[in-house]
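Below is one structure, written out as structure tokens; the observations come after it.
The values are calculated or read from the model by the stated rules, or taken from the named source; none is laboratory data. Quick caveat: nothing in here was measured; it's all calculated off a predicted structure. Reconstructed Cβ throughout: ideal geometry from the backbone, glycine too, with neighbour counts over all protein chains shown.
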């Protein structure tokens, strides 16, 4: 990509777009704004942007005393808590790199991430110490640990065999409340997140300060997030910068709600938190929103979430889920698309006013499930095998390529990964999709998940979502399984609602699919299961499903 230098500007172009300036300017403007964090005992800790900012400075001073320097990588194993929010600004602000550690990875994969990144210190929540204990013998280069405990609990009261441990609260209490932030050059690494390693070892994506600053502005602009919003951080903060909401909410001064630790078994408390705190904005994957909707469906009195915007990512949200939230609660599901490599916002699905008035209700719902249009600032195109653009007809599939200021241009220290990028700087997503005449992107599959049957392609994503639209279905997965005659044939795994078990059979599922799919595309086998295998980031683990059922169609 050739850059042309024009007539010199007189702007202060050397003033860096760094994340430290986000928090400094937000505290200046929104200092009294509240941040509320739920603790393990269910109580709420409340403080302000100004209070958090002082603790960020104390954290930076404390880590400096421990020997952390500019450029050092500091690992983080923590829930969505106020301490983690402080780390999001305190660690990168001092010039170190915040290394997000996915607590759902195996100890071996986590150890690889720690070793590969060169991480020497880890901040860990006391409840997650068993993960640190498993890591310690695999990562001898770790110099020390900072342990987040409940307030008032001393490090001497924490049972751990780890050496050189420090209490997070004691470290802050013993440190100065003012830190002289370095003016970080904007292309310096702010944080690192590693891919989940579904195809080989995890690969490191190192986000720059500039990247995160521009991405935060983009989220604020495209979601309409502002100082009057209350933003609940449902996305785990170890997933691709919590999908950028912590920084974007801070940039615009939104009230922030941090739910702490939650699981699919504690959706009652998450639902109550959203209602009690008056949440107006959040984000999450269908893997959390679908069970949440099912919980709400069974309540005698359903919450009124009119006006609430819920960004849905990771996988395509089924229309039935979007309609369910709208009809039962008044909340709007807004589909967005991205990846670890894209910080991650690439597209967002908002209905253009000229489409909203010209489409029927069914057409509007079908449009809303698409991934949406590319946000301003990014180049996105769909190409064939020769890297030529395909027709924008909503039908012709191709691989999605992405380029822009918050898209990774390389993987950290990953020889052999160069094929993931084109010569003119596009990242090859590995997603197959179409683009329609209005610029709306629709992902039909991953390159590796497209079902190739008899020389034709079948979209596993579209088939899954059509199955989930059945009134008696909770979840579904579709994979291609090797077939001796047709190369591959679809296999469907289906989770039924409790009251439908034993009443719905495979022919019912195929009959439902026949409204959309041709007879030859229908799955030869439909298996009813209790749950669908998921990856550490909540996506359907098709690699596991294919391995478990690889002999399904063998002769």
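Tabulated data for the structure shown
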| read-out | value |
| --- | --- |
| Top-ranked residue of the range 284-299 - restricted to ones that are under 19 Å from the mean Cα position of the chain (by Cα) and closer than 25 Å to residue 37 by Cβ, ranked as surrounded by the fewest Cβ atoms within 10 Å (Cβ to Cβ) | 291 |
| Spans of strands (runs of 3 or more DSSP E) in the range 1-114 with at least 2 residues in the same structural domain as residue 273 (by TED's automatic domain parsing) and exposed (fewer than 15 other Cβ atoms within 10 Å of the Cβ) | 44-48 |
| Test set (1) touching a helix residue (DSSP H, G or I) at 6+ places or on another chain (Cβ under 8 Å); (2) surrounded by 15 or more Cβ atoms within 10 Å (Cβ to Cβ); (3) in the same structural domain as residue 352 (by TED's automatic domain parsing) - residue 432 fails condition number | (1) |
| Lone qualifier among 245, 251 - being crowded, with 18+ Cβ neighbours inside 10 Å, over 18 Å from the mean Cα position of the chain (by Cα) and either in a helix (DSSP H, G or I) or without any contact (Cβ under 8 Å) to a residue 40 or more places away in the chain (or both) | 251 |
| Options 346, 375, 380, 390; residue that is more than 30 Å from residue 241 (Cα to Cα) and surrounded by 17 or more Cβ atoms within 10 Å (Cβ to Cβ) | 390 |
| Qualifying residue in the range 50-72 (condition: more than 20 Å from residue 174 (Cα to Cα), in contact with a helix residue (DSSP H, G or I) (Cβ under 7 Å, 6 or more places away or on another chain) and modelled with pLDDT of 95 or more) | no |
| Verdict on residue 542 being buried (at least 17 other Cβ atoms within 10 Å of the Cβ), within 28 Å of residue 400 (Cα to Cα) and modelled with pLDDT of 90 or more | no |
| Of the criteria (1) in a helix (DSSP H, G or I); (2) touching a residue at least 24 places away in the same chain (Cβ under 8 Å), which one residue 283 fails | (1) |
| The range 370-394, residues that are under 19 Å from residue 421 (Cα atoms) and without any contact (Cβ under 8 Å) to a residue 24 or more places away in the chain | 383, 384, 385, 386, 388, 389 |
| Any chance residue 471 is surrounded by fewer than 23 Cβ atoms within 10 Å (Cβ to Cβ), in contact with a helix residue (DSSP H, G or I) (Cβ under 9 Å, 6 or more places away or on another chain) and assigned to a helix (DSSP H, G or I) | no |
| Lone unmet requirement of (1) assigned to a loop (DSSP other than H, G, I, E, B); (2) surrounded by 15 or more Cβ atoms within 10 Å (Cβ to Cβ) for residue 551 | (2) |
| Filter result (within 19 Å of residue 288 (Cα to Cα), in contact with a strand residue (DSSP E or B) (Cβ under 7 Å, 6 or more places away or on another chain) and modelled with pLDDT under 90) within the range 460-484 | 461 |
| Residue ID - farthest from the chain's Cα centre (by Cα), chosen from residues in the range 300-314 that are surrounded by 21 or more Cβ atoms within 10 Å (Cβ to Cβ) and in contact (Cβ under 8 Å) with a residue 60 or more places away in the chain | 311 |
| Cross-chain or 6+ apart pairs with Cβ under 6 Å, the range 355-369 first and modelled with pLDDT under 90, then part of a helix (DSSP H, G or I) | 369/319 |
| Residue pairs meeting the criteria (Cβ under 8 Å; at least 6 apart or on separate chains; first in contact (Cβ under 8 Å) with a residue 60 or more places away in the chain, in the range 150-163; second assigned to a loop (DSSP other than H, G, I, E, B)) | 150/39; 150/40; 150/41 |
| Meets criteria (touching a strand residue (DSSP E or B) at 6+ places or on another chain (Cβ under 6 Å), modelled with pLDDT under 95 and surrounded by fewer than 21 Cβ atoms within 10 Å (Cβ to Cβ)) for residue 128 | no |
| The one condition in (1) touching a strand residue (DSSP E or B) at 6+ places or on another chain (Cβ under 8 Å); (2) within 24 Å of residue 139 (Cβ to Cβ) that residue 201 fails to fulfil | (1) |
| Index of the failed condition, residue 141 passing every other in (1) outside any helix (DSSP H, G or I); (2) under 28 Å from residue 61 (Cβ atoms); (3) touching a residue at least 60 places away in the same chain (Cβ under 8 Å) | (3) |
| Top-ranked residue in the range 265-283 [being touching a helix residue (DSSP H, G or I) at 6+ places or on another chain (Cβ under 8 Å) and surrounded by 18 or more Cβ atoms within 10 Å (Cβ to Cβ); ranked as farthest from residue 461 (Cα to Cα)] | 279 |
| Candidate set: the range 485-501, residues that are assigned to a loop (DSSP other than H, G, I, E, B) and over 30 Å from the mean Cα position of the chain (by Cα); chosen: the one farthest from residue 290 (Cα to Cα) | 485 |
| In the range 254-271, the residues that are over 23 Å from residue 376 (Cβ atoms) and part of a loop (DSSP other than H, G, I, E, B) | 259, 261, 262, 263 |
| Single residue of 504, 516, 526 found to be in contact (Cβ under 8 Å) with a residue 12 or more places away in the chain, surrounded by 18 or more Cβ atoms within 10 Å (Cβ to Cβ) and not in a strand (DSSP E or B) | 504 |
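To keep it simple, each residue is scored yes or no on (1) in a strand (DSSP E or B); (2) touching a residue at least 24 places away in the same chain (Cβ under 8 Å); (3) in the same structural domain as residue 313 (by TED's automatic domain parsing).
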position	(1), (2), (3)
401	yes, yes, no
407	no, yes, no
410	no, no, no
416	no, no, no
428	yes, yes, no
